[in-house]
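Below is one structure, written out as structure tokens; the observations come after it.
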Amino acid sequence: MAVPRSHISLVLNSRSGLKSAKGDVSSWVRESLASNGVDAQILVTEQGAQLPELARHAVQEHSELVIAAGGDGTVSAVAAQLVGTGIPMGVLPLGTLNHFAKELGIPSDRDAAMRTLLAGEVGRVDVGEVNGRVFVNNSSLGLYPWLVAEREKGQQKGQSKWTASAQAALSVLRRYPFLDVTLTVDGRELRYRTPLVFIGNNRYSMEAFRIGARESLTGGELCLFVATRGRRQDLLKLALGTLLGRASKACELQTVAARDLRIQTRRKRVRVALDGEVTWMESPLHYRTRPGALQVIVPAGEARAA
């Protein structure tokens, strides 16, 4: 199915990673859409917490296409509101890492991305879900959410993001952020004491002992990595890798594929990362895959693959 050409809404996170590098994103989006003959409703925010509300507004306005313009966090927030609506999502990668856009085949150059998006086709991909919350890339417990919280403390004290990240990573040398978890994987029970539980929406490849990209977004499964206990220097390497977006096999990783996963922790509430955004959730955590639940725009000719 071709990309809808009318009743389009674009949800823009104007604080995306490319703003400082390439000027005002809002102006570029308007000019780019106009030059491609598209008249769209543009919904702009600088606050990530407002993204779900803007996406819901686009749904209520009976949009035929909703474009998420920003990084992976923006994409995830918009996707969560579109799952089950029948409204396709387009992805305009304006963030720092843009993992989901890359795996859809959307170019990193924003002009090329806009052309590809508007000339694309509608396909379907899977999403993951935990306790009713949708994610498109991955979710994690333990080290990564803990590091993000430590980094935010540093930034609140006036440190730059990179300085705060480095100090957060070094903090694992002083503290061991371990979790005791009971995993029920498709009915099979496993127990671990671990610094990191990583749940991917579909299978992530292991490249040179690193969690890499996904070969498919339509495999209908969750990919579970559990880090087993290592030395302090191993945890430091793992911390640096997770903050940089590529978890390293500094600690040994147990890998399991699943369609349904339950995680019980000793604590009633636990920090959980969903596509890089950290929230508190009630234990136990129930993860499941939702095959083909999200319609997305992919490059022309790739809709069957998606």
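The values are calculated or read from the model by the stated rules, or taken from the named source; none is laboratory data. What you are looking at is a predicted structure, and each value in this text was computed from that prediction instead of being measured. As a convention, Cβ positions derive from the backbone with ideal geometry for all residues, glycine included, and neighbour counts pool all protein chains shown.
Structure notes:
- In the condition set (1) more than 30 Å from Lys268 (Cβ to Cβ); (2) assigned to a strand (DSSP E or B), Leu117 is compliant with all but (2).
- Here is the figure for region 141-163: residues that are of a type outside the set (D, E, K, R) and surrounded by fewer than 22 Cβ atoms within 10 Å (Cβ to Cβ) total 10.
- None of Ser63, Ser14, Ser35, Ser6 is of a type in the set (S, T, N, Q), more than 22 Å from Leu217 (Cβ to Cβ) and buried (at least 23 other Cβ atoms within 10 Å of the Cβ) except Ser63.
- Of the criteria (1) buried (at least 19 other Cβ atoms within 10 Å of the Cβ); (2) farther than 16 Å from Thr116 by Cβ; (3) over 19 Å from the mean Cα position of the chain (by Cα), which one Thr74 fails: (3)
- The requirement of being surrounded by fewer than 18 Cβ atoms within 10 Å (Cβ to Cβ) and over 21 Å from Leu274 (Cα atoms) is fulfilled nowhere in region 123-138; no residue meets it.
- Pairing each residue of region 147-173 that is outside any helix (DSSP H, G or I) with any residue that is of a type in the set (A, V, I, L, M, F, W, C) and surrounded by 18 or more Cβ atoms within 10 Å (Cβ to Cβ), provided the two are 6+ apart or on different chains, yields C-beta distances under 9 Å for Lys157/Ala164.
- The one condition in (1) crowded, with 18+ Cβ neighbours inside 10 Å; (2) in contact (Cβ under 8 Å) with a residue 24 or more places away in the chain that Ala113 fails to fulfil: (2)
- All of Gly95, Gly84 fail the test of being more than 17 Å from the chain's Cα centre (by Cα), at pLDDT below 95 and part of a loop (DSSP other than H, G, I, E, B), apart from Gly84.
- Test result for Val78, assigned to a helix (DSSP H, G or I), of a type in the set (A, V, I, L, M, F, W, C) and touching a strand residue (DSSP E or B) at 6+ places or on another chain (Cβ under 7 Å): yes
- On inspection, Arg56 passes the criterion of being surrounded by fewer than 23 Cβ atoms within 10 Å (Cβ to Cβ), touching a helix residue (DSSP H, G or I) at 6+ places or on another chain (Cβ under 9 Å) and charged (D, E, K, R).
- Where a residue in region 22-41 is of a type in the set (Lys, Arg) and its partner, wherever it lies, is assigned to a strand (DSSP E or B), with Cβ under 9 Å and at least six apart: Arg30/Ala40; Arg30/Ile42
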